[in-house]
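Taking it in order: structure first as structure tokens, then the write-up.
The values are calculated or read from the model by the stated rules, or taken from the named source; none is laboratory data. On a predicted model such as this, the values are computed, not experimentally measured, just so you know. Areas reflect the complete protein model, heavy atoms only, side chains present, ligands, DNA and RNA absent. Shrake-Rupley method; radii C 1.70, N 1.55, O 1.52, S 1.80 Å.
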Amino acid sequence: MEEYYMLWAHQIKTPIAAMNILLQSGKADEKELSAELFKIEQYVEMVLGYLRTEQMTSDLTLKEYELLDVIRQAVRKYSKLFILQKIKLNLEETDYRVVTDEKWFLFALEQILSNALKYTKEGSISIYMDKEKSDTLIIEDTGIGISPEDLPRVVEKGFTGYNGRSGRKSTGLGLYLTKQILEKLGHTIKLESEVGAGTRVYIYLGREKKNL
């Protein structure tokens with residue numbers, strides 16, 4: 001726990017320092033400050049999510065939701081970063097209804113979007129239903145990708161891999177939390193990636209009706 005909090009503290013200091021520099025320069029841009037503040041909020045939400053996952057089973061409320069409505073909530077939250085980073089969003093319309101816990105499922109989607117934006121410097125992020133695999137949502141980016149040796153381990157607790165070590169400070173908690181949450185919701189996650197060509201995240205949304 002001490003190691004994770006040390007990493008987290010180091011990570012959250014970066015946007016705080018960036019805000020201080022912007023303010024001291026006297027040329028603080030509102031958009032830039034807003035982006036750094038957003039990062040701080042995300043890091044706080046991540047550590048709170050980490051602390052709450054152990055007790056999340058007693059906090060679940062499973063209902064049927066319009067998938068598109070939940071996705072749009074996550075996208076709205078990151079709209080400023082899409083604009084600032086000039087990343088195009090391709091969101092496909094769908095009438096799919098998912099049985100899940102909205103709060104926790106939204107948290108998982110936000111972690112996936114956060115990762116996609118973090119490692120995508122140009123291009124686009126696409127969100128759509130798999131045409132061949134029923135009940136499967138795909139979130140695809142055109143980012144730097146994940147190396148083959150790292151791919152099986154990116155959902156492990158504390159694993160940062162090459163991307164996390166190459167100048168991009170990471171606690172290695174985002175995808176770990178996402179996997180834990182989705183599994184407790186009865187969903188599953190799978191990743192496919194190619195270095196330099198981007199990453200695809202598959203979320204299987206189906207679940208047994210008896211879990212309602």
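May I ask you to give the percent of accessible area on segment 1-142 that is carbon plus sulfur, with a probe radius of 1.4 Å? It would help to have the intermediate numbers written out before the result.
Details: 4420 of 8170 Å².
Whole-percent figure for carbon plus sulfur exposure: 54.
With Rh defined as the Kirkwood radius, the inverse of the mean 1/r over Cα pairs, the Rg/Rh of segment 34-161 is 0.95.
Ligands, DNA and RNA are left out, and with a 1.4 angstrom probe the accessible area of segment 1-151 is 57 Å² per residue.
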